[in-house]
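> Sharing a structure with you now.
Where a number appears in this text, it was derived from the coordinates with a stated rule and is not lab data. Note that this is a predicted model, so its numbers are computed, not measured. Backbone-built Cβ (ideal geometry, glycine too); neighbour counts: all protein chains shown.
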Amino acid sequence: NAIYLAGLGGVLPKYPVDFATLKARAEAAMPPAILHYVQGGCGDEYTQDRNALAFHDWGMVPRMLVDTSQRDLSIELFGSKLPSPLFMSPIGVTGLCTQDGHGDLAAARASAQTGVPLTVSTLTNDPLEDIIAATGDTPAYFQLYTPKNHELAASLVRRAENAGYKAIVVTLDTWVTGWRPRDLNNANFPQLRGHVLQNYFTDPVFRELLGADPASDLRAAVLLWVSLFGKVLTWNDLDWLRSLTRLPIVLKGICHPDDARRAVDAGIDAIYCSNHGGRQANGGIAAIDLLPAVVDAAGATPVLFDSGVRSGSDVVKALALGATAVGIGRPYAYGLALGGAEAAAHVLRSILAEADLMMAVNGYPTIADVRSAGASRR
Ligand code: FNR
């Protein structure tokens with residue numbers, strides 16, 4: 001509201017309010033290696049492009065003579081009431097998006113300022129305990145890249161639970177990194193230089209396996225991390241994952257309705273429909289086009305969604321297609337690069353302001369109204 005009124009009042013915004021301008025500004029501001037890592041996707045990046053473009057194939061019909069002077073965007077998720085259905089997706093190089101290398105802490109502060117939950121990646125520049133300490137009263141979730149070593153996986157999950165995270169998001173689609181030409185052409189994988197491995201380096205099980213302080217032999221620590229990364233998860237591992245924690249377990253990367261059904265039958269607490277922002281599989285089908293069937297299959301189980309969300313109207317469309325909560329990735333990373341927590345919070349607020357205004361002008365006072373209105377393909 002403040003951003004909108006300032007604009008109407010002739011006050012220039014400090015940061016862009018739309019994705020195209022934000023992206024252009026971030027491209028000019030970010031060091032090339034980090035920019036390529038954040039911006040890139042797999043293969044020819046067609047899936048990544050389709051993720052965003054496909055939102056234009058979906059539309060909603062406005063309803064008139066409805067009192068939308070008050071809107072309620074709040075939702076319930078994992079036992080907490082949230083002011084909005086937006087969350088920050090896990091981004092493994094968040095730390096490097098700010099010049100001081102503490103972008104994870106800046107994202108956490110943006111979360112505290114906006115009430116938009118942060119999903120903290122396994123691959124962070126600051127330990128997961130320090131990051132959650134900066135999120136204030138806003139819930140946070142921990143994303144697990146499951147290491148091959150079971151004790152190490154258990155230790156990461158235990159630390160997240162002890163630190164107060166409200167859910168464990170297990171990413172399924174990245175036991176190995178996708179074919180990313182931008183990074184391969186530039187030999188550009190920040191984690192391979194140890195930049196985003198603080199959760200491992202501070203972990204007691206990791207340190208025991210290494211038999212040394214990671215700082216004293218960074219090369220050995222990184223090589224150990226490489227050898228441990230990427231347990232191949234199958235349906236047989238769900239009971240083991242369940243045994244690690246009392247927290248809700250979310251499966252990230254579910255795009256097929258049969259997988260959603262099977263996960264629900266196995267007692268999983270939430271489905272996360274995502275194609276990793278087009279960074280992993282380059283199948284060409286936009287995630288938003290896969291969402292309706294996944295929602296249908298999930299029944300009463302919450303469905304989180306991300307991949308290609310660039311604006312408030314994208315958020316409303318994803319909700320109309322059945323998402324319980326909607327995640328954004330690259331937009332907040334660009335915000336962090338432009339101005340740390342302040343700019344990331346601005347990006348989140350701009351997206352939320354547009355979503356709120358779309359609900360106002362389209363005649364949907366609540367998210368339940370958005371859902372029952374639905375969206376149709378053009
Ligand atoms: C990611 N993503 C990701 N996902 C995950 O589960 N763990 C991770 O560590 C990362 N790391 C990561 C780094 C970067 C630079 C990007 C851009 C993305 C995927 C992320 O959670 C999310 O699925 C996508 O970013 C959503 O797509 P958009 O919003 O970027 O189009």
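> Using θ = phi - 60° and the Karplus relation 6.51 cos²θ - 1.76 cosθ + 1.60, list the HN-Hα couplings for the range 112-125 in order, rounded to whole Hz, with x at every Gly or Pro.
4, 6, 10, x, 8, x, 9, 9, 8, 5, 5, 9, 10, 7
> Could you compute the net charge surrounding D137? Neighbours are other residues with a C-beta less than 15 Å from the C-beta of D137; K and R count +1, D and E count -1.
Values: positive: K81, R109, K166; negative: none.
Here the charged neighbours net out to +3.
> Given the DSSP H assignment, sum -39500 (n - 2.57) over each helix run of at least 4 residues in the chain and divide by its residue total; what's the result at 222 nm in deg cm²/dmol, nearest 500? Working shown, then result.
Details: 17 runs with 170 residues, N = 378.
Computed ellipticity for the chain at 222 nm equals -13000 deg cm²/dmol.
> What list do you get for S372, S89, S80, S69 if you sort them by fewest beta carbons within 10 Å?
Details: S372 10, S89 28, S80 13, S69 7.
Neighbour counts put them in this order, fewest first: S69, S372, S80, S89.
> Taking the mean number of other Cβ atoms within 10 Å as a proxy for protection, how do you rank 155-161, 240-246 from highest to lowest?
Values: 155-161: 20.3, 240-246: 14.6.
Ranking, from highest mean packing down: 155-161, 240-246.
> While we're looking at this one, here's another question. Over all distinct Cα pairs, what is the inverse of the mean 1/r for the chain, reported as the Kirkwood hydrodynamic radius in Å? Numbers along the way, then the final one.
On the way: mean 1/r = 0.0479 Å⁻¹.
After inverting the mean inverse Cα-Cα distance, the result is 20.9 Å.
> Restricting to lysine pairs 8 or more places apart or on different chains, what number in the chain have Cα atoms under 28 Å apart?
Qualifying lysine pairs in the chain: 15.
> Among the trypsin sites (Lys or Arg not before Pro) within the range 55-141, which fall in a DSSP loop and have no more than 12 other Cβ atoms within 10 Å of their own Cβ?
Details: sites: R63, R71, K81, R109; in loops: R63, R71.
Within the range 55-141, the qualifying trypsin sites (Lys or Arg not before Pro) (loop, at most 12 other Cβ atoms within 10 Å) are R63.
> Still on this structure, I have one more. How many angstrom lie between the C-alpha centres of the range 81-99 and the range 293-362?
So the two Cα centres are separated by 11 Å.
> Let me ask something additional. All other residues with a Cβ under 14 Å from the Cβ of V316 taken together, and with Lys, Arg as +1 and Asp, Glu as -1, what is their net charge?
With Lys, Arg at +1 and Asp, Glu at -1, the neighbours total 0.
> Okay, moving on. Name the residue, out of A112, A343, A368, whose mean-square fluctuation peaks in a Gaussian network model built on the chain with Cα pairs under 10 Å.
Maximum fluctuation in the GNM of the chain, among the listed residues, is at A368.
> For D57, what is the net charge nearby, where nearby means another residue's Cβ is under 15 Å from its Cβ and Lys, Arg count +1, Asp, Glu -1? Walk me through the numbers before you get to the answer.
Details: positive: R50, R310, K317, R377, R378; negative: D49, D289, D314.
It works out to a net charge of +2.
> Among D258, D173, which comes first, then next, by fewest other beta-carbon atoms within 10 Å? Walk me through the numbers before you get to the answer.
Details: D258 11, D173 17.
With the fewest neighbours first, D258, D173 line up as D258, D173.
> Which of F19, F305 comes first, and how do the rest follow, when ranked by fewest Cβ neighbours within 10 Å? If you can, show how the numbers build up before the last one.
Details: F19 20, F305 29.
Least to most surrounded, the residues fall as F19, F305.
> A further question follows. So which chymotrypsin sites (Phe, Trp or Tyr not before Pro) in the range 86-173 pass both tests, a DSSP loop state and at most 16 other Cβ atoms within 10 Å of the Cβ? Kindly include the intermediate steps, with their values, before the conclusion.
Working: sites: F87, Y141, F142, Y145, Y165; in loops: Y145, Y165.
Listed in order of number, the matching sites amount to none.
> Continuing with the same structure: Relative contact order of the range 262-309, please, whole-number percent, based on alpha carbon pairs below 8 angstrom and at least 6 residues apart.
Details: 49 pairs, mean separation 25.5, N = 48.
So the answer I get is 53 percent.
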